[in-house]
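Step one of this worksheet: look at the structure below.
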Amino acid sequence: MKMELPEDVSLIIRKLENAGYEAFAVGGCVRDTILGRNPQDWDITTSAKPLQIKNLFTKTIDTGIKHGTVTVMLHKVGYEVTTYRIDGEYEDNRHPKSVEFTQNLKLDLERRDFTINAMAYNDTRGLVDEFAGMQDIENKVIRCVGNPGERFDEDALRMLRAVRFSGQLGFQIEEKTRQAIEERAENLKNISAERIRVELTKLLVSKGAGQLRTAFETGMTKVFLPEFDKAMLCEQNNHHHIATVGEHAIRSVENMNAFFYGQKITDEKTAHCEWAKTAANNIKKLVAPLSEKQHSILCVTMLLHDIGKPETKTTDENGTGHFYGHPAQGEKMAAKILRRLTFDNETTDIARKLIRWHDYQFEEGEKAMRKSVAKIGRDIMPLLFLVQYSDILAKNPAILEEKIKRLNQCVAVWKTVMDSNAALELKELAITGSDLIAMGIKAGPEIGKNLKNVLEYVLDNPQKNEKEVLLEYVREKMQESGGE
């Protein structure tokens with residue numbers, strides 16, 4: 001099998017081989033190249049020891065020299081070059097007590113997690129596939145190298161990685177591998193929240209994010225996201241929904257990814273309907289300017305948008321479930337969850353806002369929309385519409401048309417308001433605090449109070465956002481106040 005390696009990767013391998021050592025591209029980069037995916041980075045494994053690697057290249061970084069890894073810098077790009085090694089005994093489901101270097105490539109490959117990640121390649125020997133990784137790629141299977149229990153005992157995070165790869169690649173987890181996960185899921189408690197967060201996020205933004213169901217079924221989410229387990233078991237018992245809270249959340253994440261990957265958002269029966277076409281067009285335009293980071297935040301939001309429902313559920317005399325106040329409760333819970341899982345401040349802040357407003361009912365008309373945007377935030381609005389589309393499309397199909405039509409109308413009004421360039425925030429007013437001070441208003445809380453009043457006036461009368469008009473408005477209000 002012939003693979004095209006990047007020029008710098010080939011150069012590193014040739015230089016090591018010319019010096020009498022073995023060297024191969026290894027792991028995920030080989031797997032992704034076989035699958036026609038673009039590798040995010042290229043790792044190289046070699047029989048050369050770390051100091052021997054350093055002596056061959058001009059610029060290196062001691063990334064993990066104790067464990068045999070040296071980063072070789074070429075053209076401002078780093079390539080991790082690691083000596084063949086055998087890991088010693090693991091005591092904490094994460095770190096080996098010792099590392100032993102070896103000259104045997106097979107021994108190095110057999111310590112790796114999954115067969116599809118245990119292949120190596122160079123132009124001299126071609127593909128080295130000691131554990132039938134190619135066969136598992138062809139069969140679309142995630143299978144551990146050797147004994148799955150031993151692999152997961154070495155690093156418990158590999159269990160979540162199995163689910164993540166399953167979601168990213170569309171592969172199924174092999175039965176013995178899955179059974180080993182079920183037996184050891186509790187060991188995830190020994191893994192740092194940061195490492196779990198990285199794997200969870202990669203799963204959530206994948207086309208197969210629905211594999212989160214496997215993480216629940218095998219007992220993993222119970223360890224790092226027990227609130228989600230409660231949601232998976234919480235029946236909704238009302239006409240808006242046909243799934244549990246957790247299942248609805250998973251479907252809404254799947255919808256969000258469908259938006260970003262350009263997949264269909266409705267079934268064949270409704271795709272031709274004008275309301276469905278309008279929704280698809282709106283979604284396409286809303287997604288187009290967004291970044292990968294925003295995509296990630298939106299998927300995290302959808303996972304947690306109803307997380308407050310189990311805590312707020314009540315059942316009326318007819319057996320109908322209600323969840324009054326769940327957005328506020330969900331925002332509080334999401335804040336704690338996201339901090340616990342070490343999400344960054346940007347993700348936490350935006351996700352909290354979106355969860356707070358995800359169930360917001362827009363009133364009709366441009367004036368109401370201007371006030372809604374002022375309250376929610378101009379920058380949040382495009383994200384909120386995507387959240388609401390994703391949420392609605394995961395609800396009861398019987399009520400889909402009515403809800404989507406209404407949301408389409410809201411988006412149309414919002415676009416009109418945005419095109420009007422109406423002032424929607426304090427900073428967009430034609431006057432500032434300095435103008436009010438010049439009028440004789442004392443610096444302090446009164447300035448902010450007056451500016452908020454002016455903004456309310458402008459939201460009702462957008463055409464009056466002119467300096468002299470607003471100053472006169474403030475004078476009139478001051479006189480009325482003085483007259484009292």
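The values are calculated or read from the model by the stated rules, or taken from the named source; none is laboratory data. Owing to the predicted nature of the structure, the values given are computational and were not obtained by experimental measurement. Backbone-built Cβ (ideal geometry, glycine too); neighbour counts: all protein chains shown. SASA here: full protein model, heavy atoms, side chains in, ligands and nucleic acids out. Shrake-Rupley method; radii C 1.70, N 1.55, O 1.52, S 1.80 Å.
Assuming a strict under-21 Å limit between Cα atoms, what lysine pair count do you get for segment 376-442 once near-sequence pairs (fewer than 8 apart, same chain) are dropped?
The number of close lysine pairs in segment 376-442 is 6.
Tell me the label-point distance for the pair Asn147, Ala271, using the 7 Å Cα-to-Cβ offset, in nm and rounded to one decimal.
Spacing of the two 7 Å Cα→Cβ label points: 5.0 nm.
Roughly how tilted is helix 467-483, in degrees to the nearest 10 and between 0 and 90, from the longest Cα axis of the chain?
Helix 467-483 sits at roughly 60 degrees to that axis.
Let me check I have the definition right: for segment 430-484, take the eigenvalues of the Cα gyration tensor, multiply each by 5, take square roots. What are those semi-axes in whole Å, largest first?
Rounded to whole Å, the semi-axes are 17, 13, 10.
Given a 1.4 angstrom probe, what's the average accessible area per residue across segment 25-65, in square angstrom?
Heavy-atom SASA per residue in segment 25-65 reads 50 Å².
I need two numbers for segment 330-391: Rg to one decimal and Dmax as a whole number, Cα atoms only, in Å.
Rg then Dmax for segment 330-391, in Å: 12.8, 41.
Decide, for segment 251-407, between rounded, prolate and oblate: order the square roots of the alpha carbon gyration tensor eigenvalues as a ≥ b ≥ c, take rounded if a/c falls under 1.5, and otherwise choose prolate if a/b is larger than b/c, else oblate.
It comes out rounded by the Cα gyration axes.
Got the relative contact order for segment 101-155 handy, in percent, Cα pairs under 8 Å and 6 or more residues apart?
35
Could you work out how much longer the chain between Lys76 and Glu138 gets when fully extended? Use 0.36 nm per residue separation minus the Cα distance between them, nm to one decimal.
18.8 nm
Using the basic label-point model (7 angstrom from Cα toward the beta carbon), what is the Glu317 to Arg14 distance in nanometres?
Once both label points are built, they end up 8.5 nm from each other.
Lys264 to Met3: extension gain in nm, 0.36 nm per residue of separation minus the Cα-Cα distance?
90.6 nm
Amide H neighbours of Ile86 under 5 Å, counting only residues 5+ apart in sequence or on other chains, H built in-plane at 1.01 Å?
So Ile86 has HN proximity to Glu100, Phe101, Thr102.
What FRET efficiency comes out for the pair Gln52/Glu194, r = Cβ-Cβ distance, R0 = 41 Å, nearest 0.05?
Between Gln52 and Glu194 the formula returns 0.80.
In whole Å and largest first, what semi-axes does the C-alpha gyration tensor of the chain yield when each eigenvalue is scaled by 5 and square-rooted?
Equivalent ellipsoid semi-axes, largest first: 52, 29, 21 Å.
Determine the share of segment 262-367's accessible area contributed by carbon and sulfur atoms, expressed in whole percent, with a 1.4 angstrom probe.
Summing carbon and sulfur atoms, their accessible area is 49 percent of the total for segment 262-367.
Using a 7 Å offset from Cα along Cα-Cβ at Ala438, what residues in segment 447-469 end up with backbone N under 16 Å from the label point?
466-469
Work out, in µm²/s and without decimals, the Stokes-Einstein translational diffusion coefficient of segment 137-205 at 10 °C, 1.306 mPa s, Rh from Kirkwood over C-alpha pairs.
Once the numbers are plugged in, D ends up at 131 µm²/s.
Measure off 7 Å from each Cα along the Cα-to-Cβ vector at Ser481 and Lys285, then give the distance between these two points in nanometres to one decimal.
4.1
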